1. Using a 1.4 angstrom probe and counting only protein chains, how large is the accessible area of Tyr329 in Å², to 10?
2. What's the FRET efficiency of Ile142 with Leu392 using the Cβ-Cβ distance as r and R₀ = 56 Å, to the nearest 0.05?
3. Given points 7 Å out from each Cα along the Cα-Cβ axis, report the Asn60 to Glu9 separation in nanometres with one decimal.
4. Please report, in cubic angstrom per residue, the volume enclosed by the convex hull of the alpha-carbon atoms of the range 85-238.
5. Bins of 10 Å, beginning at zero and ending with the bin holding the largest distance: percent of Cα pairs per bin for the chain, please.
6. When the dipole is taken about the Cα centre of the chain, and only Lys, Arg (+1) and Asp, Glu (-1) are charged at their Cβ, what size is it in debye, to the nearest 20?
7. Tyr269 to Val227: extension gain in nm, 0.36 nm per residue of separation minus the Cα-Cα distance?
8. Which length gain, in nm to one decimal place, applies between Val109 and Tyr155 when the Cα-Cα distance is subtracted from 0.36 nm times their residue separation?
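The values are calculated or read from the model by the stated rules, or taken from the named source; none is laboratory data. Note that this is a predicted model, so its numbers are computed, not measured. So basically every Cβ, Gly included, is an ideal-geometry build from the backbone, and we count neighbours across all protein chains shown. Side chains included, ligands, DNA and RNA excluded: accessible areas come from the protein's heavy atoms. Shrake-Rupley method; radii C 1.70, N 1.55, O 1.52, S 1.80 Å.
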Amino acid sequence: MHTIIASLEFPLWLRASHYLNLLFIGLLIRSGIQILGAHPRLYWNDGCKPGSEWIKFTRNKIPKDKLYTSMDDEIPVTPVLALPGEDNLGLGRLWHFFTVIFWVLNGLVYVILLFATGEWSRLIPTSWSIFPDAWHTFLTYITFHIPPASDFHPYDPLQQLAYAAVVFLLGPFMILTGAAMSPSIEGRFPWYVKIFGGKQSVRSLHFLSLIAFTIFIIIHTALVLIVHFQDNIRNIVFGDPNGNTGLAILIAAIALLIVAVIYVWSSWYSLRHKRKMQNALGAMVDPVLKALLHREKSKQQDKQSGITSYFWVNGRPPESEEYKRLAQYNFAEWKLEVCGLVEQPLALSLADLRQLLKQTQITKHNCIQGWTGVAEWAGVPLTEVLRLCKPLAEAKYLVFTSYQKGKGAVKPELEEALEHTYYEVIDMELAQHPETILAYEMNGEPLPIVHGAPLRLRVETVLGYKMVKYLKSIELVKEYSTIGQGHGGFREDFQYYGRSAEI
């Protein structure tokens, strides 16, 4: 049965999965470019010190006489290249994860049918002779000749080798390196990321895989157009070389036009209806990420030698008079308010916090922009504070509010974005993770102002934007829909991030 089916030309399922793959790969590449623009530097080291990158896509220079943050390093990307384009990291990530779900599903269906129908025998090499045959075919192409039709069964040896490598090596490698960029996976399985040489090596390898995919697409498309085009176009559209060439070209042109329209629409609509796209994409992405990654608990404990000499600053210190006055006196008068659905409201000073159980951990910070840094954090486990305040049964979430403010939504009548108090929400499960602490020390010293003094949250299985700095209060609530814009944090409210921060 397999032999009979495999003798057919190109079945409908194979052509359909090939077409969907074209659509998904384009969306992944464009949204990947958007993500890269948030930190347009690639490294082979997790310290991410400026100047140590092996390639960068920015002309920005780090000034030595003033504070330069990672957000200053972000570059807007034209919607012609990126999805959705401009400064929209949050939506770019949502598009990337939304697409990867369907790209993986499409790939799984393809591989299953490949083996179920016997089509694998035409794709997977079964003899070592494929290598010298592929080399001979390569020499034929490189000398601007075309292999005879008799070399195609239905692929020539070089095509067969390249297609098998893309399907069974490059595609899975993209998935494996993508997973390794998750702080949740890295926190739970530190060894896994070390296999690739660290988080930044993973990021670089993922980028190089994108380049490999792009080069493959360009060469593959060129060969389709140049080598036996009429047979190719009829096979692609009808599944055999005996169809009408003109009709095949027309159908192929319409199919490609549909893909192009989707590419244009995805950027156009996302840029004009950001909240709608955040909700629509998030409805698919957030539950999947939560189901796969949310329950993982960090088991990091790096060595002192792993602490990086450089640690990017993200965001600027608060500029309010209240915060400046507190900082002037080394936060002696500062107190952390713990309120909401608790039996015992608290107002804890730094001295009070230092009297509680102290926990020290050396962990890797994963910023949503892409950079990393390793530091030793010391502070009180959040579970100790919860023990003191005694949460009520209905308390499901913790709202962390900062002295810091960030640029929010722009009103039509104003040129400048309005400032809003920075806050983020985590659920009770994350709050009770063993490495979730309120840190008041960094690398054995009091927490520096640029990194969140006097107190910052550390949750080692999520991205850095959830780890609120310059802490002012913690409120326990049943739900967060009435807080801010109701999406679970400043970034979610005003920069359209997804609710899940585990990858």
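1. Around 130 Å² of this residue is reachable by solvent.
2. E between Ile142 and Leu392, to the nearest 0.05, is 0.15.
3. 5.3 nm
4. Per residue, the Cα convex hull of the range 85-238 comes to 177 Å³.
5. Reading upward from the zero bin: 4, 17, 26, 22, 15, 9, 6, 2, 0.
6. About 480 debye.
7. 11.3 nm
8. 14.4 nm
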